[in-house]
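Read-outs: derived from the displayed coordinates by stated rules, not from any lab. Bear in mind that the values here come from a model prediction, so they are computed numbers and not experimental data. FYI the Cβ positions are ideal-geometry reconstructions off the backbone, even for glycines, and counts take in every protein chain you see.
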Amino acid sequence: MGKRAGGIVAIGGSVDFTLLDDPAQTTVALVSAAKEVILTLRGIDFSDRIECCEQELPKLASSLRDLFVSVDFVRSPSSKGMMPAGSEPFQLEVSAGYRTVAAFLNYEREQLQVGDWAVLARTLANLEVHLSAFVELYGES
């Protein structure tokens, strides 16, 4: 992805770089993406670990990747959009959450131990807190 003479070039994903690159719409787009991740997070059921690994975590990884890419794009020097002031904790949690879920999905399910699931659950709970705070602070009423 990058900028070309006429606009933004992107391949794959569901990130609307045009909105992110519009200073008047950047925060709206980020809030929308954060809400999507929150909805996905709330649908995760850790009691069925097989379904969690096969269905729910890949869905979460996809929506988190979109949010992670969005934040990364807005922070890039070529973007006209700007991250809202004071959103650094949100940015860090998005990055940590995305990397944790991606790493978790790379392990063989049979090798995951109770402690691994506990770390994932804590990371996702912390992520939800930060995403919810971001939406509350920057979302439109």
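Scanning region 70-109 for residues that are outside any helix (DSSP H, G or I) and not small (Gly, Ala, Ser), we see that the one that is farthest from VAL28 (Cα to Cα) is GLU108. Screening region 96-125 for residues that are surrounded by 15 or more Cβ atoms within 10 Å (Cβ to Cβ) and polar (S, T, N, Q) and picking the one that is nearest to ILE44 (Cα to Cα) gives THR123.
Just the residues that are within 24 Å of LEU20 (Cβ to Cβ), out of contact with any Asp or Glu (no Cβ under 7 Å at 6 or more places or on another chain) and surrounded by 12 or more Cβ atoms within 10 Å (Cβ to Cβ), please, taken from region 39-57. Selection gives THR40 alone.
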